[in-house]
């Protein structure tokens, strides 16, 4: 009763203040904002869920000072900070085996910043990285109250929605390649690669035939979106993740009766040719172009592959010049612009672009922040994947197959990002830091159940 009365007083005062201001039309929004803040304070996990679903739609608000994601993010950070200070969120929620890598990584970034070649560029780069890393802390504090299966399903649905938009409108395509609501086809392919394991998991564990058919349709929609991106790296990542997923679910394959196995083979015979002829020819040609790699990097039959080879050469030079602390965060494009490769490869483009990122997160970190920072970052990724592996083992020992399946597919989401970072510069991606935090959450859930079981016995 007291809480209701207090909330009512606050709402009344806020509305009155807005009405008395030069902007009275803001009164309804102020009241709505207070309601949202109150809901977030009571259920911070809802805010994390909302932020996660908004990631594929962030391109809609590119360049705007305010957006739903920014406002929700700031509100959630404020709410979590207050709850933590008031001890309403236990400090144990921040516990993670990954801090031993995150903290040294941050310290090495700061050291690199002190010796950077361009302070303004490095500060801008550091700001972007800090936004991504904030997701790590937010997920640790709020992620334990989330239904992780629903969260992963939500990611699949939000990415599928952007796939549908990209397939239906050329407005969301660039050069014939689907970009969704982002600026680059490969970044869109990354989101799809993260979403596919989620959709497959939902299809496998569907409670009814209708639910399974729905998630199969979502899976095919995601695959259609992937083909429209013309991303070769996306196809490679999905094949690797598919192989690992099949290995985990092999026990299900062995339990299929001969009758249903026959129906499955018949379905594949009918579906595979349809998929083959529905894939754009230019995408098939791009995949075939990977064959030039067997001739070595000097066989520049593909300008894209040649350009990526030049990134490696520039990165190697930067590492050789500053092996310990690098040239400074965000400085790779400056070095590349000064090389002859930038002018050579830009001459072929309609819109020449000299300042290019390394299109390889690991190379970029090694070149910009030094070998120690690069090694710590790689160990961080390996440790996150290890957390999901240990969670899977723990859940299997408990004979909790659904939880083990979820741990595997979440791990495939992180693996998709880890593999894609060989082809993209995206150390600040929100999903990267969220999945790293989720690896700790899932592992702790598995270990907590094991510990409880031992005590019970």
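For the reader, a short list of remarks on this structure follows.
- On full extension, the segment bounded by residue 68 and residue 134 gains 22.1 nm, given 0.36 nm per residue less the C-alpha separation.
- FRET efficiency, 1/(1 + (r/R0)^6) with R0 41 Å, evaluated for residue 123 and residue 147 via beta carbons: 0.60
- Ordering of 405-415, 122-132 by packing is 405-415, 122-132, highest average first (other Cβ atoms within 10 Å, averaged per residue).
- Residues 364, 58 arranged by fewest to most Cβ contacts within 10 Å: 58, 364
- Protection proxy ranking, highest mean first, for peptides 193-206, 318-331: 193-206, 318-331, where packing is the per-residue count of other beta-carbon atoms within 10 Å, averaged.
- Cβ-based exposure ranking for 249, 429, in which fewest neighbours within 10 Å come first: 249, 429
- Taking other C-beta atoms within 10 Å as the exposure proxy, 434, 375 rank 375, 434 from fewest upward.
- For peptides 169-177, 46-54, sequence by mean Cβ density within 10 Å, most packed first: 46-54, 169-177
Read the figures in this text as sums done on the coordinates, not as results from a lab. It should be emphasised that the depicted structure is a prediction, and the values quoted were computed from it without experimental measurement. Glycine also receives a Cβ, built like all others from the backbone with ideal geometry; neighbour counts cover every protein chain displayed.
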